[in-house]
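The values are calculated or read from the model by the stated rules, or taken from the named source; none is laboratory data. All of these numbers come straight from a predicted model, not from anything done at the bench. Here the Cβ positions follow ideal geometry from the backbone for every residue, glycine too, while neighbour counts run over all protein chains shown.
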């Protein structure tokens, strides 16, 4: 009970910090980018940390949704909310296809299948006319949602923050539900869970589609925040980044992906102008150090320490 009270207090403190952050002089576009990647990392953590499935192709859902949302807004005249929903639906359908193929394998075979399928999506986006090819989609307008003018950075900021809170609480509810408990059982011992009568592939497919949908939401919001969608959204390196964020923060913890994305995005924004492409080397070195010294990730190690004391 005391642990839950402390956890809720921490969440409320972080929410309060998020609410007042723009008033503290923090650059809102940086924060919105961080929140989008936090949603992306939370979506990936649902699959890896709680489902035990390592995907090397999650950028496919993130990038496809970004493209679909940008295309619907710029070329088809859809409203912002409809475009976001369109992007999420596209990511969900792609996740259903990916999941149906990939869940029949496990371990490294599962990971390699997702990577191969993601590469197909990358080349499709490169060649498709609606994506703009190598130029991508530029000048995507934010529009309005429920009468709110998203072209105002402050309004857009709170919309993205609300989306992150909704995703975080939604994932927490899923993990604490009977479905989430079965998911953890599958992660720990798939054969034992199957012997208890659970439909393993059904649970794995459901969580795969859920993860893809939330990754799509992150991609749609990112497209609106930055007003563009490019091939970098579907690159293999983007899939690698979300793995890094999740592992660095702590896979299998609720707050870990948020912390990991905050570290990575902050380092990228802080060091990019100073060291150029070396920022990836620095982040990689930090990740190696974390794996060697903090194998459970930042949040995972903190929780383990608190349990010991």
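Points worth noting:
- Filter pass, residue 261 being assigned to a helix (DSSP H, G or I) and within 26 Å of residue 27 (Cβ to Cβ): yes
- Test result for residue 184, within 23 Å of residue 303 (Cβ to Cβ), assigned to a helix (DSSP H, G or I) and in contact (Cβ under 8 Å) with a residue 24 or more places away in the chain: yes
- Filter result (under 20 Å from residue 101 (Cα atoms), in contact with a helix residue (DSSP H, G or I) (Cβ under 8 Å, 6 or more places away or on another chain) and surrounded by 15 or more Cβ atoms within 10 Å (Cβ to Cβ)) within segment 171-197: 183, 186, 190
Residues checked against (1) surrounded by fewer than 24 Cβ atoms within 10 Å (Cβ to Cβ); (2) within 26 Å of residue 175 (Cα to Cα):
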residue: 50; (1), (2): yes, yes
residue: 56; (1), (2): yes, yes
residue: 62; (1), (2): no, yes
residue: 70; (1), (2): no, no
residue: 75; (1), (2): yes, no
residue: 79; (1), (2): yes, no
residue: 82; (1), (2): yes, no
residue: 96; (1), (2): yes, yes
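- Restricting segment 99-113 to residues that are assigned to a helix (DSSP H, G or I), without any contact (Cβ under 8 Å) to a residue 60 or more places away in the chain and in contact with a helix residue (DSSP H, G or I) (Cβ under 7 Å, 6 or more places away or on another chain), the residue that is nearest to residue 206 (Cα to Cα): 101
- Set side by side, the residues 285, 252 differ, and just one is in contact (Cβ under 8 Å) with a residue 60 or more places away in the chain, farther than 20 Å from residue 62 by Cα and surrounded by fewer than 23 Cβ atoms within 10 Å (Cβ to Cβ), which is 252.
- Counting only helices (runs of 4 or more DSSP H) that sit completely within segment 1-86, those holding 1 or more residues that are at pLDDT below 90 correspond to 2-20.
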